[in-house]
Amino acid sequence: MPRNQIEALILDYGGVISTPQNMDNVANMLTLLGQQDGSDNFEALYRKTRGDYDSGLLSAQDYWVTIFEHYGRPVDEEKITDLIREDVQSWTEVDPAMLNFINARKAAGHRLAVISNMTWETLFFMRKHFAWLS
């Protein structure tokens, strides 16, 4: 490739490759937490310690226990499993136009990398279900 040609692309996952968070999954999370009326500001609570969860400083279990404690609810392991599933699904819809772009860049010989502050659970899901990551 000539020197002035792009040889590699680094793309962010959240909001670039993926679509915005699916609000149907967020509604399911609220239902699992018994907060479907939306009376509490779930978004602020959800994001409060999200940085620690996304960066791996907080486990999924610890993150959701914190949410349960905020609502004064007993920790429910089955619901935590369901919350993790809904949370992962809320972030794993890929923008078809971006996927086409990625495939075209790969076919053109570009090296590609993905960066993200996603949770481990999201990464595991993607590695299992997203063949395009290879």
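The values are calculated or read from the model by the stated rules, or taken from the named source; none is laboratory data. Just so it is clear, the model here is predicted, and its values are computed rather than measured. So basically every Cβ, Gly included, is an ideal-geometry build from the backbone, and we count neighbours across all protein chains shown. For the accessible areas, the whole protein counts, side chains as well, though only heavy atoms, and no ligand, DNA or RNA atoms are used. Shrake-Rupley method; radii C 1.70, N 1.55, O 1.52, S 1.80 Å.
Okay, residues lined up against (1) assigned to a helix (DSSP H, G or I); (2) over 30 Å from residue 100 (Cα atoms); (3) in contact (Cβ under 8 Å) with a residue 24 or more places away in the chain:
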residue	(1), (2), (3)
21	no, no, yes
25	yes, no, yes
29	yes, yes, yes
36	no, yes, no
45	yes, yes, yes
53	yes, yes, yes
65	yes, yes, no
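None of 33, 133 is more than 24 Å from residue 11 (Cα to Cα), aliphatic (A, V, I, L, M) and at pLDDT below 95 except 33. Within the set 54, 87, 62, 82, the sole residue that is modelled with pLDDT of 95 or more and within 19 Å of residue 130 (Cβ to Cβ) turns out to be 87.
Among the conditions (1) over 16 Å from residue 21 (Cβ atoms); (2) in contact with a Lys or Arg (Cβ under 9 Å, 6 or more places away or on another chain), the only one that residue 75 does not satisfy is (2). Taking the criterion of being open to solvent by 90 Å² or more (accessible area, probe 1.4 Å) and touching a residue at least 24 places away in the same chain (Cβ under 8 Å), the residues of region 69-112 that qualify are 70, 73, 111. With respect to the conditions (1) in a helix (DSSP H, G or I); (2) farther than 21 Å from residue 116 by Cα; (3) open to solvent by 50 Å² or more (accessible area, probe 1.4 Å), residue 15 lacks only one, and its number is (2). Flag: residue 37 does not match the condition of being of a type outside the set (Val, Ile, Thr), open to solvent by 30 Å² or more (accessible area, probe 1.4 Å) and closer than 17 Å to residue 116 by Cβ. For region 113-134, the set of residues classified as farther than 21 Å from residue 24 by Cα and in contact (Cβ under 8 Å) with a residue 40 or more places away in the chain consists of 113, 114, 115, 116, 117, 120, listed by residue number.
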